[in-house]
Amino acid sequence: VDAFQAWCGPCKTVVDLFQKIRNEVGSDLLHFAVAEVDSIDALEKYRGKCKPVFLFYAGGELVAVVRGANAPLLQKTILEQL
């Protein structure tokens, strides 16, 4: 989940990375979503940050968090969690 604030917008620079990985591993294993933290109370702790936050869930549980648009770290985290 790309957790963003309305004034900052979702991180478009990593969408291509997610699409590439999703094509490689299959669409059944990896799902990408964006969430505006200003309108979701459960994501309140991610408000007020100017860098993107990527939340990784498995089985409904938060399993990893990556702060910032660090493409190599995002790719590594995605592959480790899969």
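Quick notes
- Inside segment 68-82, residues that are of a type in the set (A, V, I, L, M), open to solvent by 80 Å² or more (accessible area, probe 1.4 Å) and more than 16 Å from Leu30 (Cα to Cα) make up a count of 0.
- Segment 35-67, subset at pLDDT below 85 and under 13 Å from the mean Cα position of the chain (by Cα), residue most open to solvent (accessible area, probe 1.4 Å): Lys51
- Subset of segment 16-34 [in a helix (DSSP H, G or I), open to solvent by 60 Å² or more (accessible area, probe 1.4 Å) and under 21 Å from Gly59 (Cβ atoms)]: Arg22
- The C-beta contact set for segment 30-41 (first residue closer than 27 Å to Glu80 by Cβ, second residue surrounded by 15 or more Cβ atoms within 10 Å (Cβ to Cβ) and basic (Lys, Arg), distance under 9 angstrom, 6+ apart or interchain) comprises Leu30/Arg22; His31/Arg22; Phe32/Arg22; Val37/Lys49.
- Matching option when the condition is of a type in the set (Lys, Arg), in contact with a Lys or Arg (Cβ under 8 Å, 6 or more places away or on another chain) and either in a helix (DSSP H, G or I) or free of Cβ contacts under 8 Å to residues at least 24 places away in the same chain (or both), among Lys51, Lys76: Lys51
The values are calculated or read from the model by the stated rules, or taken from the named source; none is laboratory data. Because the structure is a prediction, the values reported are computed rather than measured. Note that we place each Cβ from the backbone using ideal geometry, even for glycine, and neighbour counts take in every protein chain shown. When the accessible area is computed, the model is the full protein with side chains, heavy atoms only, and any ligands, DNA or RNA have been set aside. Shrake-Rupley method; radii C 1.70, N 1.55, O 1.52, S 1.80 Å.
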